[in-house]
1. Would you check if Asp128 is of a type in the set (D, E, K, R) and either open to solvent by 70 Å² or more (accessible area, probe 1.4 Å) or within 24 Å of the chain's Cα centre (by Cα) (or both)?
2. Examine the range 87-109 for a residue that is of a type in the set (A, V, I, L, M), over 31 Å from the mean Cα position of the chain (by Cα), on the phi > 0 side of the Ramachandran plot and open to solvent by less than 60 Å² (accessible area, probe 1.4 Å), and state whether such a residue exists.
3. Could you check the range 149-179 and list, in sequence order, the residues that are touching an Asp or Glu at 6+ places or on another chain (Cβ under 6 Å) and surrounded by fewer than 16 Cβ atoms within 10 Å (Cβ to Cβ)?
4. Tally the residues that are outside any strand (DSSP E or B) and either open to solvent by 60 Å² or more (accessible area, probe 1.4 Å) or within 22 Å of Thr50 (Cα to Cα) (or both), restricting the search to the range 63-78.
5. Can you give me the number of residues within the range 210-250 that are at pLDDT 95 or above, over 20 Å from Ser87 (Cα atoms), open to solvent by 50 Å² or more (accessible area, probe 1.4 Å) and among the hydroxyl-bearing types (Ser, Thr, Tyr)?
6. Out of curiosity, is Gly183 among the small types (Gly, Ala, Ser) and either without any contact (Cβ under 8 Å) to a residue 12 or more places away in the chain or farther than 24 Å from Gly84 by Cβ (or both)?
7. Restricting to the range 197-209, count the residues that are open to solvent by 10 Å² or more (accessible area, probe 1.4 Å) and outside any loop (DSSP other than H, G, I, E, B).
8. With respect to the numbered conditions (1) outside any strand (DSSP E or B); (2) open to solvent by 70 Å² or more (accessible area, probe 1.4 Å); (3) β-branched (Val, Ile, Thr), which one is the sole condition not fulfilled by Thr81?
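The values are calculated or read from the model by the stated rules, or taken from the named source; none is laboratory data. Model, not experiment: these values are computed from the prediction. Positions of Cβ are backbone-derived with ideal geometry, glycine not excepted, and every protein chain shown enters the neighbour counts. Quick note on the areas: whole protein, heavy atoms, side chains included, nothing else; ligands and nucleic acids left out. Shrake-Rupley method; radii C 1.70, N 1.55, O 1.52, S 1.80 Å.
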Amino acid sequence: MTLFTSSRGASRTRAAAAPAATLVAMTSVGLLIALAGSAQAATPAPPLGTADSFAVLAGAGVTNTGPTTLSGDLGSYPTLTITGDASIVFASGVNHAGDAVTQGAQTDLTTAYDAAAAAVSTSTIPADLTGMTLTPGVYTSSSSMGLTGEVTLDAGGDPAAVFIFQAGSTLTTGPGSRVTLTGGAQACNVFWQVGTSATLDTSSVFRGTVLAMTSVTANTGATIEGRLLARNGAVTLDTNTITRPSCATVPTATPTATAAVGAATAAPQVTAVPSGPVSAGDGSSAAGTTTSGAGYLGAGAAAVALAVTAFVVARRRRVDI
């Protein structure tokens, strides 16, 4: 009778454990699927390649009027003409004109433009972005895109968040308009893909990289934290400040091994081992020893091993009953 009861108890234990294990497995799989979905939902930045180092890159020449400051490289290809370059001050970067670096950058610009144009749209936006606060994503206008006032790009605390704007035709900003970044958003992760040409009007404060199919014009006093990159047309400048953006590195925390330090400095807990035979619980016994000094830890380990043996033997006896 006792044997039958013990068997049913073990069966109940196994039966109860099975659903629990299944639940844990299902929960783990669900968590992995959710994490994978989140990773897939993130918008990747268009790959700039060697075009990354340029503040201004044109396909049909560059024209500058007035003192313009560039932090980043300058170049034009296949049209090599750069007019007014004597008034351009390089805070950093160099004038590559139409050299091999510029030619490679134009090739990479085409790749970046195509990637930005192919990004899957997450929202359709009106022709004027003024007054909007936008979270990371891909924003599309089938025709022109404009900004007469201020638009805010909020990364929500994620400095790696990417914003892509797809303008079917033109991009035009009004005088004194502004692109404001908040919530950790970085200009290096903002891209404006323009189907034809972009114009940044007088005293605009603009942020992000312009990827234009044709031309880019920055009117008097426009300030850009980003890049003006034109595939086929010219870039026209007039007393501008253009700073090539770079992404700030996000620091990672370094774990401290406090547990290991504590374990190394802990004092031994075994101070003596009883003398005489020690019962193993199955009718046998082991001879006891008296240990002192440096032998305390080893003797303690032996005592623990004997205790574990006694526990296992006792458990087997209960199973055999």
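1. Details: of a type in the set (D, E, K, R): yes; either open to solvent by 70 Å² or more (accessible area, probe 1.4 Å) or within 24 Å of the chain's Cα centre (by Cα) (or both): no.
Considered against the rule, which asks whether it is of a type in the set (D, E, K, R) and either open to solvent by 70 Å² or more (accessible area, probe 1.4 Å) or within 24 Å of the chain's Cα centre (by Cα) (or both), Asp128 comes out as no.
2. The initial filter retains those residues of the range 87-109 that are of a type in the set (A, V, I, L, M), namely 88-89, 91, 94, 97, 100-101, 105, 109.
From the residues that got through so far, the ones that are over 31 Å from the mean Cα position of the chain (by Cα) too are 88-89, 97, 100.
Still in the running and on the phi > 0 side of the Ramachandran plot: 97.
If we keep only those that are open to solvent by less than 60 Å² (accessible area, probe 1.4 Å) as well, we get 97.
Yes, because at least one residue in the range 87-109 is of a type in the set (A, V, I, L, M), over 31 Å from the mean Cα position of the chain (by Cα), on the phi > 0 side of the Ramachandran plot and open to solvent by less than 60 Å² (accessible area, probe 1.4 Å).
3. Let us first name the residues in the range 149-179 that are touching an Asp or Glu at 6+ places or on another chain (Cβ under 6 Å), namely 173-175, 178.
Pro175 - this is the single residue of the range 149-179 that is touching an Asp or Glu at 6+ places or on another chain (Cβ under 6 Å) and surrounded by fewer than 16 Cβ atoms within 10 Å (Cβ to Cβ).
4. Pass one, the range 63-78, residues outside any strand (DSSP E or B): 66-67, 72.
Those left that are additionally either open to solvent by 60 Å² or more (accessible area, probe 1.4 Å) or within 22 Å of Thr50 (Cα to Cα) (or both): 67, 72.
Qualifying residue count, the range 63-78: 2.
5. Result for the range 210-250: 1.
6. On the way: among the small types (Gly, Ala, Ser): yes; either without any contact (Cβ under 8 Å) to a residue 12 or more places away in the chain or farther than 24 Å from Gly84 by Cβ (or both): yes.
It is true that Gly183 is among the small types (Gly, Ala, Ser) and either without any contact (Cβ under 8 Å) to a residue 12 or more places away in the chain or farther than 24 Å from Gly84 by Cβ (or both).
7. Residues of the range 197-209 that are open to solvent by 10 Å² or more (accessible area, probe 1.4 Å), as a first pass: 197, 199, 201-203, 205, 207.
Cutting the leftovers down to outside any loop (DSSP other than H, G, I, E, B) gives us 199, 205, 207.
Of the residues in that region, 3 qualify.
8. For Thr81, the failing item is (1).
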